[in-house]
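Contents: one structure, followed by commentary.
Every number here is computed from the coordinates shown, using simple stated rules; none is lab data. What you see is a predicted model, and the numbers here were worked out from it, not measured in a lab. Cβ placement follows ideal geometry from the backbone for every residue including glycine, while neighbour counts extend to all protein chains displayed.
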Amino acid sequence: MKIALFATCIVDAMYPSTARATVSILERLGHDVVFPAGQACCGQMHLNSGYFPEAVPVVRNHVEAFEAEEYDVAVAPSGSCVASVKHQHAMLARTVGDADLESRATAVGVRTYELSALLTDVLGVTDAAAQLGSWYPHRVTYHPSCHGMRLLRLGDRQADLLRSVEGLQLEPLPEADQCCGFGGTFSLKNADVSSAMLADKNANIAATGAQLCTGGDASCLMHIGGGLSREGSSISTLHFAEILASTREHPAPPPDAIRGRTRNAARLAGKAHQ
Amino acid sequence: MSARTEILDRLRSALHDAPEAPEIPRKYRHTSGMNEAELIELLRDRLLDYKAGVSVVDEASVPARVAELLAGTASYVVPAGLDARWTALAPGRVVDSPEEPLSVEELDGADAVVTGSAAAVAETGTIILDGSPGQGRRACSLIPDHHVCLVRAGDIYGVLPEAVRRLDVTHPLTWISGPSATSDIELQRVEGVHGPRRLDVVIIRS
Amino acid sequence: MSSTYLGMPGVPVFGSGNLHTAEPFPVAARRELDNEQLRANLGHATHTIRDKRLRVVAELPDWEELREAGSATKTAVMARLPELLEEFEGNFTARGGIIHWARDAAEANEIVRELIRDAGADEVVKVKSMATQEIGLNEYLEEQGISAFETDLAELIVQLDHDKPSHILVPAIHKNRSQIRDIFLREMPDVDPDLTDTPARLAEAARLHLRRKFLSAKVAISGANFALADTGTLAVVESEGNGRMCLTLPETLITVMGVEKLLPSWTDLEVFMQLLPRSSTGERMNPYTSLWTGVTEGDGPQNVHLVLLDNGRSAALADERGRSALHCIRCSACMNVCPVYERTGGHAYGSTYPGPIGAILSPLLTGITSEENASLPYASSLCGACYDACPVKINIPEILVHLRSEDVQSRRGTKKVPGQMDVAMKAASWVMGSGRRMALVEKALPLGKLAAGPDRKIKKLPGVAAGWTRSRDLPAPPTQSFRDWWAKEHEQTASKEQA
C-alpha cells in the first residue's frame with residue numbers, strides 16, 4: 001500500500017523522531033511511504049483560535065498538497081490534526097462559502113487516518129511485538145488525548161497496541177479521560193486554568209509510578225512534558241509511535257535518557273530507521 | 001407594536017434561512033416486554049432505591065397492610081372516590097372532597113394521606129397521579145408528611161413512553177419517584193425535605 | 001401570520017439582565033483558582049455527580065437513540081418556533097391561563113410586579129428558575145418593596161448568604177456542609193442552635209424554616225422546564241417538593257419562561273423526561289414532576305399566568321451556527337464534566353449561565369461585543385467532554401470556535417494597531433500556507449538553541465507566549481526538521497539507486 005505521511009507541523013519542526021518512527025513502522029510492514037512535499041499544517045491553531053480567514057490558505061495548502069500526491073491512504077501521528085482534517089476543513093470551507101474546497105477537503109479527510117486507527121483498522125496490526133518487533137522494557141503510563149478519544153473515537157486502539165509491545169508494563173492512569181489543559185492557544189489565553197489542569201494531570205501521572213507518559217499527540221505530550229520538566233520530575237514523555245518503532249536492535253531511548261534528549265534522540269531514531 | 005407581535009416578528013426574521021424541521025427518529029424503546037411479576041419486581045427495586053417503603057400484596061390483604069402502615073397515626077386524609085374498603089381497618093380517616101375540601105391547616109394537621117394512582121413506570125420507579133377520583137387534588141398528596149400510595153399491578157408499565165401514551169396530560173399530573181429528596185448539599189442525595197418525607201407504596205397484584 | 005415578515009434577517013435585538021461578565025474570564029478565573037476551599041468543594045461535588053450520571057446513563061440500552069430524538073426534536077422546535085408558540089398560546093389560554101409577552105428583562109420584571117400587586121401581595125415564594133435569575137427578578141422586586149423567598153434548598157443557601165449562584169442545578173455547589181451550617185446558624189432566626197452539619201439535619205432546618213411560608217403564600221413564581229404546544233401544558237421538574245408547594249398552594253401562580261422551552265407535543269416528554277433527570281442529578285427520575293394545563297377548578301392556583309421571555313433568544317436564533325445553544329434543557333451535565341468549570345467554579349463566568357453552555361449562551365444572548373462576554377468562548381480547552389455529555393447533543397466546542405471567529409471578526413478594523421496574537425496568526429498563516437515557506441522557516445530551527453539553557457530547555461518566552469513558560473518548559477527545537485531529513489534521505493536513496 002502506498003501511504004502518504006502527514007507529519008503535522010509540530011512533529012515536523014519539534015519532534016522529527018516521531019515522524020521517522022512512523023515511517024519506520026509502516027516500512028517494516030512492507031508499505032511505501034511518501035511525503036507530500038507541499039504539506040505544512042492542518043490549520044487547527046488558526047481555526048480553533050477563531051482566525052477563519054487566516055486558516056483558509058493553510059487548509060487549502062493541505063488539500064492541494066495531498067491532492068498532488070498519488071497514494072492509497074494518508075496517515076498522521078496525531079489524533080488532533082487528523083480530527084481537524086476530517087471534520088474542521090470541510091466546516092471551514094462551508095463557512096466561507098467555498099463549495100469546491102469543501103468537497104475537495106472532504107475527499108482528503110476521508111482518506112486520512114490517525115496512526116493507531118490505520119494500524120488497527122486497515123493494516124491489521126494487533127500484536128506489535130509479533131508484527132513490528134516492538135520492544136520497550138519500561139513502566140509506561142498512557143494519556144489518551146481528547147480529540148483522538150472524543151472526535152475520532154479511537155477507543156482503546158493506542159492502549160491496545162502499547163499493551164502488545166514486548167517488555168512494556170502499562171500502568172493505568174487515574175482520570176485518564178481528563179484533558180491535560182493544552183487546548184492550543186487556551187494554554188496561553190487562559191494560562192492559569194490550563195496550568196491547574198496540567199498540575200492535576202501530572203499528579204495523576206506521577207501516582208502511577210511509571211517512568212514515562214506516552215500518548216498519541218505531540219502537542220499534549222509537549223504540554224505534559226513541559227510541566228513535568230518544570231516540576232523537576234524524573235518522568236519523561238514519548239509519542240507512542242516511537243515506542244512501537246522501538247526494537248531490541250534499535251531501541252528508542254529509555255525514559256531516563258529522554259529528558260533534554262532532542263539531539264541524542266534524533267540520532268538514535270535516525271539509526272533505527274536505517 | 002405589542003410585545004407579542006414584536007417577539008413573533010423577531011423570531012420569524014431570525015429564521016431567515018428557513019431551516020427545515022427534521023423528522024424525529026424515535027428508535028428508542030417504546031415497550032419493555034416484561035410480564036407482571038417482572039414489572040412488580042423492577043418497580044419495587046427502583047422504589048426501594050429511592051428509600052420508599054414497598055409492599056406487594058393481593059387485593060384481599062390491602063386493608064390490613066394499609067392499617068399496618070398507618071399504625072400510630074391519629075388522623076389521615078383520603079380523597080373522595082378512594083375505595084372505602086382499603087382503609088376500612090385504619091381508624092382516623094378524614095375525607096377531602098370537591099364539595100367539602102379540607103383547609104391547608106387541616107391537611108397540615110393530618111399525619112398521613114392514602115391515595116390511589118393512575119399509572120406507574122417500573123424502570124424509573126415513578127408513580128403518576130392525575131387527580132381522578134381516589135387520587136385527589138394535588139395539595140392532598142403533598143402536605144401530609146406520610147403518603148401511602150396504592151398501585152394496581154395492571155397500571156404498571158415498563159418504560160416511560162408506555163405510560164405517557166396512556167395518560168391525559170390536560171389533567172394536573174404529579175409524577176412521584178420516592179419521598180422528597182435533595183442533592184443540594186455536596187451533590188449527595190438526602191431523603192426528606194418539603195414533600196412527604198415518608199412514601200409507602202402498596203402494589204396490588206392482579 | 002405576521003405581515004411584517006420579509007424573509008430576511010432583521011437587526012438582532014440582544015438581551016439584558018444577569019447575562020454578562022464584567023471582567024475578562026482569565027482575570028476572574030485566576031481569583032477563583034486561588035480559593036482552595038472552593039476548588040476542593042467543586043472537585044468533590046463534580047466527581048460525585050459524574051460517576052452517578054455515568055452509572056444511570058449506562059443502564060439505558062437506548063441512550064444514544066434518546067439523544068438523537070431529543071436533538072432532532074429541539075432542532076424542529078427552533079425551525080417552527082413562531083407557529084409552536086401560537087399553538088401553545090391558544091391551548092394554554094383556552095384552559096384559563098393568561099399569557100404575557102416580554103421583550104426583555106425589564107419588561108418581564110414589570111409584568112411580574114404588576115401581577116403581584118394585582119394579587120394584593122407584598123411577598124412571594126419562588127421555585128428555582130433560571131429565567132428569573134437571568135432577568136434579575138429578586139433584586140428588582142426587592143427595590144419595589146416585594147420580598148421574594150427562594151425555596152429550593154441551594155437557592156435558599158445562596159440567598160441567606162447574600163451570595164450568587166455558581167451552578168444552574170446546584171447553585172450552592174461551591175459551599176460544603178459545614179459552611180452551609182454556619183450560614184443557617186447565622187441567618188435563620190428560629191434555627192436550632194445545636195444544628196449539626198449532616199445533610200439530613202440541614203434539609204430539615206430548611207423544611208422548618210419555609211413551612212409557614214408555603215402554607216400561607218398568596219403568590220408563587222416559577223420557571224418551567226418544558227411547555228407542550230399541542231396541549232398548552234407546563235412542566236416543572238424538581239426534587240424537594242418546594243416546587244409542588246409553590247405550584248399547588250397559592251391562589252396565584254406566575255411562571256416566567258424563555259420562548260425556546262417549547263416541545264411540540266405531550267409525547268415528546270417521554271424522551272426529555274428520560275434525558276433530563278439522568279443527565280442532571282444522575283437519578284433515574286427526579287422525585288417530583290408537576291404538569292399543569294391552565295387552570296383546574298378546585299385544584300391548585302386559580303390565577304395562572306405565564307410570561308414568555310425573549311431577552312436575546314431571537315438574536316441567538318438568528319445565528320445559524322449558534323442557534324442550537326437554545327436546545328439546552330438546563331441539565332448542567334456540561335458543567336459537571338467540564339475541566340475548566342471544575343477548577344474555576346461558576347462565578348468566574350459572571351453570567352447566570354456558567355460552564356460550557358454559559359460560555360456560548362451568554363454571548364449569543366447579549367452579542368459577542370457586550371461587556372467582557374467575548375472572553376467566554378475562550379474559556380475552554382475544546383476537550384469535548386461537554387458535547388459527549390449533552391443529552392440533546394449541542395456541539396458546544398463547535399459553537400465556541402464559531403463565537404471565537406465572531407470575536408476575532410468583530411475586532412478587525414476597530415483597532416488601530418493589531419494585537420500580538422493577530423500579528424502572530426497572520427504570520428503563521430503565511431508560513432503554514434505553503435510547504436516551501438514552512439521549509440524555509442524550519443531552516444532556522446537550530447537558532448532555537450540560543451533561547452535554550454544548557455539543559456536544552458526554554459524557560460521563559462516573551463509576549464503572548466509568556467503564559468506557557470509560567471508553568472511549563474519548552475524543549476529546544478531539534479537541529480533538523482523531519483522535512484529536511486526526509487529530503488536528504490531520499491536524495492541519498494535516489495542517488496544510490498542511480499549508481
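Residues that are under 13 Å from the mean Cα position of the chain (by Cα), at least 2 per element: which helices (runs of 4 or more DSSP H) completely within segment A:183-241 meet that?
Counting at least 2 such residues, we get A:218-231.
Just name the residue that is nearest to the other protein chains (Cβ to nearest Cβ) out of those in segment C:239-256 that are in a strand (DSSP E or B) and surrounded by 24 or more Cβ atoms within 10 Å (Cβ to Cβ).
C:Leu253
Which count do you get for residues in segment B:13-36 that are at the interface with chain C (Cβ under 8 Å from one of its Cβ atoms), more than 17 Å from C:Arg80 (Cβ to Cβ) and crowded, with 17+ Cβ neighbours inside 10 Å?
Final tally of qualifying residues: 3.
So which residues in segment C:417-444 are of a type in the set (A, V, I, L, M, F, W, C), under 19 Å from A:Val59 (Cβ atoms) and surrounded by fewer than 16 Cβ atoms within 10 Å (Cβ to Cβ), if there are any at all?
Those that are of a type in the set (A, V, I, L, M, F, W, C), under 19 Å from A:Val59 (Cβ atoms) and surrounded by fewer than 16 Cβ atoms within 10 Å (Cβ to Cβ): C:Ala427, C:Trp430.
For the subset of segment C:373-410 comprising residues that are of a type in the set (Ser, Thr, Tyr) and part of a loop (DSSP other than H, G, I, E, B), which member is surrounded by the most Cβ atoms within 10 Å (Cβ to Cβ)?
Across segment C:373-410, the extreme among qualifying residues is C:Ser380.
When you go through (1) under 18 Å from the mean Cα position of the chain (by Cα); (2) closer than 27 Å to C:Tyr378 by Cα; (3) within 11 Å of another protein chain (Cβ to nearest Cβ); (4) buried (at least 24 other Cβ atoms within 10 Å of the Cβ) one by one for A:Gln39, which number turns out not to apply?
Answer for A:Gln39: the failing condition is (2).
With a cut-off of at least 1 residues that are on the phi < 0 side of the Ramachandran plot and among the charged types (D, E, K, R), name the strands (runs of 3 or more DSSP E) lying wholly within segment B:94-206.
B:146-152, B:198-204
Please work out if C:Thr46 is more than 7 Å from chain B (Cβ to nearest Cβ), more than 30 Å from C:Gly300 (Cα to Cα) and surrounded by 20 or more Cβ atoms within 10 Å (Cβ to Cβ).
In short, yes.
Could you list, in sequence order, the residues of segment C:200-222 that are outside any helix (DSSP H, G or I) and surrounded by fewer than 24 Cβ atoms within 10 Å (Cβ to Cβ)?
Listed by number, the residues that qualify are C:Ala217, C:Lys218.
Return the residues of segment C:411-443 that are facing chain A (nearest Cβ under 10 Å), of a type in the set (Gly, Ala, Ser) and part of a loop (DSSP other than H, G, I, E, B); say none if nothing qualifies.
C:Gly433, C:Ser434
All but one of (1) without any contact (Cβ under 8 Å) to a residue 24 or more places away in the chain; (2) out of contact with any strand residue (DSSP E or B) (no Cβ under 8 Å at 6 or more places or on another chain); (3) surrounded by 17 or more Cβ atoms within 10 Å (Cβ to Cβ) hold for B:Ile7; which doesn't?
(2)
What residue, among those in segment C:223-238 that are of a type outside the set (A, V, I, L, M) and not in a strand (DSSP E or B), is nearest to the other protein chains (Cβ to nearest Cβ)?
So, considering only residues that are of a type outside the set (A, V, I, L, M) and not in a strand (DSSP E or B), the one nearest to the other protein chains (Cβ to nearest Cβ) is C:Thr231.
Would segment B:125-135 turn up any residue that is away from chain C (no Cβ under 11 Å), crowded, with 23+ Cβ neighbours inside 10 Å and β-branched (Val, Ile, Thr)?
No: zero hits.
Show the residue pairs that are 6+ apart or on different chains and have beta-carbon atoms under 7 Å apart, the first residue being within segment C:382-410 and touching a residue at least 12 places away in the same chain (Cβ under 8 Å) and facing chain A (nearest Cβ under 7 Å), the second being in a loop (DSSP other than H, G, I, E, B) and of a type in the set (A, V, I, L, M).
C:Asp407/C:Ile368
Output the number of residues of segment C:444-461 satisfying the condition of being in a loop (DSSP other than H, G, I, E, B) and either of a type in the set (Val, Ile, Thr) or more than 20 Å from A:Gly225 (Cα to Cα) (or both).
Qualifying residue count for the region: 1.
Please determine whether any residue of segment B:96-107 is within 30 Å of C:Ala205 (Cβ to Cβ), in contact with a helix residue (DSSP H, G or I) (Cβ under 8 Å, 6 or more places away or on another chain) and more than 7 Å from chain C (Cβ to nearest Cβ).
Yes; the residues of segment B:96-107 include at least one that is within 30 Å of C:Ala205 (Cβ to Cβ), in contact with a helix residue (DSSP H, G or I) (Cβ under 8 Å, 6 or more places away or on another chain) and more than 7 Å from chain C (Cβ to nearest Cβ).
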